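Single-structure report; data block below.
Where a number appears in this text, it was derived from the coordinates with a stated rule and is not lab data. As the structure is a computational prediction, the values presented were derived from the model and not from experiment. Heads up, the Cβs are rebuilt from the backbone with ideal geometry, glycines too, and the neighbour counts pull from every protein chain shown.
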Amino acid sequence: MTLSKPVANDVHAPNPNTDEIRQQLPLVSVRNLKVAYNEDAVVLDGVDLELFPGEMVALLGSSGSGKSTLMKSLTGFAPVSGGEARVVGFDLKNLQRGQLRDVRASVGQVFQQFNLVGRLSVLTNVLTGALHNAGPLNLVGGFTSAHRKRALELLDRVGIAHKAKDQARTLSGGQQQRVAIARALMQSPKLILADEPVASLDPKMSHSVLELLQQIAREDGIPVLVSLHVLPLALQHSDRIIGLRHGEVLVSAPTRQLDAAALQPLYEHDAEEGDADGALAA
Ligand SMILES: Nc1ncnc2c1ncn2[C@@H]1O[C@H](COP(=O)(O)OP(=O)(O)O)[C@@H](O)[C@H]1O
Ligand SMILES: [Mg+2]
């Protein structure tokens, strides 16, 4: 079932290129996806998902609905047990030797806990993004001056070039997430997956990090799939929303057609589990 509700006053700023986007080929095309860890653990069933160049898509659903599993399945960290999954030009069900590495090199990932190496400098953390494409390199000595120049440009782009020499662990959460985003960009990704990237940040930082991701989607023309558990953030910072409920897609619509009431069914009966309140908080 797909829920979508027209909204009279369109307060969102839709991606100006939405119509053009749909005429391009999707970077991710998932049909009838099933993910089962074993016979008793079918986590996703019948999931359809397409991601187009330049769009920011929010993935919603209460805890345990399958958001992280869906993201993991796109990079082969969760099994594609049924259906079809094409990601950045590869058929995940028929990968040739070495192609899984190519898929992962093309997908930039951003995580809730940033996953930086705290004792290393901000610059070195960004440089490690280049390792995906470069084969084995000496972590400190093996980067070229071109790598360093690019890493510094990316730090400038995410607004923290002045922190390049600092140890990553000395930065605030919002700054660390910007480093993680610069590291993902260092891969020259064709797709970015961000799993709860603002769950550890305060509201102001959350907005600015999501704005940055949305800007990257538009400027670089790559899809960004971002899981969120705070509805107002999703409504404000996405072009489209996919809502999961118990491993199935319950909502799939352009964000400008949705409001909090239309998304409520994603969290129904969760109140006693203490989940809905958090999701609906501003
Ligand atoms: N490796 C695994 N083996 C078995 N079950 C798993 C595994 N990973 C996740 N699950 C189950 O899959 C369901 C969805 O989890 P997850 O994708 O983490 O949801 P979300 O990110 O929406 O909170 C949960 O019931 C979880 O227990
Ligand atoms: Mg999760």
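One table, with the values for the structure above:
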| quantity | calculated |
| --- | --- |
| Of LYS34/LYS67; LYS34/LYS190; LYS34/LYS93; LYS67/LYS204; LYS72/LYS93, those spanning more than 18 Å from alpha-carbon to alpha-carbon | LYS34/LYS190; LYS67/LYS204 |
| Cut-off under 5 Å, modelled amide H: who pairs with LEU44 long-range | VAL35 |
| Pairs of Cα atoms farther than 18 Å apart, region 51-159, % | 62 |
| Inverse mean reciprocal Cα-Cα distance (Kirkwood Rh) of region 116-189, Å | 11.8 |
| Rounded to whole Hz, the Karplus (6.51, -1.76, 1.60) HN-Hα couplings of region 40-51, x for glycine and proline | 8, 10, 7, 8, 10, 8, x, 8, 10, 7, 10, 10 |
| Point-to-point label distance, GLN113-SER145, nm (Cα→Cβ direction, 7 Å offset) | 3.9 |
| By average C-beta atoms within 10 angstrom, highest first, the peptides 246-255, 191-200, 143-152, 52-61 | 52-61, 191-200, 246-255, 143-152 |
